[in-house]
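Please read through the structure below; I'll follow up with questions.
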Amino acid sequence: MDEQDMEKSKIQYAWSDAWLLCSIVIVAGDNAATLVNIIAAGDWRNHAIFTTRQLRGGLARLSAGGFITENEEGFVPSEIAKKEGRRVEDYEILLGSRKKNPDAINRKWCYPGITEETVGEAYQEYLKMIKGAKND
């Protein structure tokens with residue numbers, strides 16, 4: 001195991017990271033997932049909305065662990081992430097995540113560009129999307 005793999009193995013994932021990764025895989029497929037689509041998939045999967053802290057920290061941990069990358073279109077799941085299935089429980093096992101994880105609230109985990117403002121804008125766009133679907 002090289003130094004980079006050792007660092008990846010030290011990452012402690014929160015349960016919400018499993019939910020987040022599952023949501024990214026569901027919406028991205030072989031493409032990229034936008035923040036709006038991640039919020040939508042998370043709501044569909046768990047009937048709840050990600051907090052800014054969950055998104056900021058989760059994206060940072062998943063990126064550092066090699067489970068996602070980002071391109072100009074959004075977040076792309078790794079091949080290993082895409083093989084896990086569609087259940088949050090599958091991702092809990094993959095990540096070794098825990099319901100209560102003090103490292104998950106550690107402020108060192110902060111994905112660049114994910115702020116209260118960007119999450120708020122994405123959430124507003126998601127609400128417009130829902131309202132549009134209900135009116136059809």
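All of the numbers you see were taken from the coordinates with simple rules; none came from a lab. As the structure is a computational prediction, the values presented were derived from the model and not from experiment. So basically every Cβ, Gly included, is an ideal-geometry build from the backbone, and we count neighbours across all protein chains shown.
With unit charges on the beta carbons (Lys and Arg positive, Asp and Glu negative) and the dipole taken about the Cα centre of the range 3-135, which residue among Met129, Asn31, Ile80 sits farthest to the positive side?
Met129
Take each uninterrupted DSSP H stretch in the chain, measure its Cα extent along the helix axis, and return the ones at 15 Å or beyond whose mean Kyte-Doolittle hydropathy is at least -1.0.
15-28, 35-46, 52-64, 116-135
Okay, helix-only estimate at 222 nm for the chain: each DSSP H run of n ≥ 4 adds -39500 (n - 2.57), divide by all residues, round to 500 deg cm²/dmol; what do you get?
So the calculated ellipticity at 222 nm is -17500 deg cm²/dmol.
Given R₀ = 25 Å, what would the calculated FRET efficiency be for Arg86 paired with Asp30, taking r from the Cβ atoms and rounding to 0.05?
0.95
Another one. State which entries of Lys82/Lys108; Lys108/Lys128; Lys10/Lys83; Lys10/Lys82; Lys83/Lys131 exceed 31 angstrom in Cα-Cα distance in the structure shown.
The answer is Lys108/Lys128; Lys83/Lys131.
Also, I was wondering about something else. Translational D (Stokes-Einstein, µm²/s) of the chain at 37 °C and 0.692 mPa s when Rh comes from the Kirkwood sum over C-alpha pairs?
Working: Rh = 15.0 Å.
Once the numbers are plugged in, D ends up at 218 µm²/s.
What is the extension gain from Arg98 to Lys128, computed as 0.36 nm multiplied by their sequence separation minus the C-alpha to C-alpha distance, in nm to one decimal? Show your work: numbers first, answer last.
Values: separation 30, 0.36 × 30 = 10.80 nm, distance 3.33 nm.
Net length gain for the segment: 7.5 nm.
Let me spell out the model: positive unit charges on the Cβ of Lys and Arg, negative unit charges on the Cβ of Asp and Glu, origin at the Cα centre of the range 3-135. What dipole size does that give, in debye rounded to 20?
Result for the range 3-135 is approximately 560 debye, rounded to the nearest 20.
How about the range 1-99: which chymotrypsin sites (Phe, Trp or Tyr not before Pro) there lie in a loop by DSSP and see at most 15 other Cβ atoms within 10 Å? Before the final figure, lay out the partial values.
Working: sites: Tyr13, Trp15, Trp19, Trp44, Phe50, Phe67, Phe75, Tyr91; in loops: Tyr13, Phe50, Phe67.
Qualifying residues, ordered by number: none.
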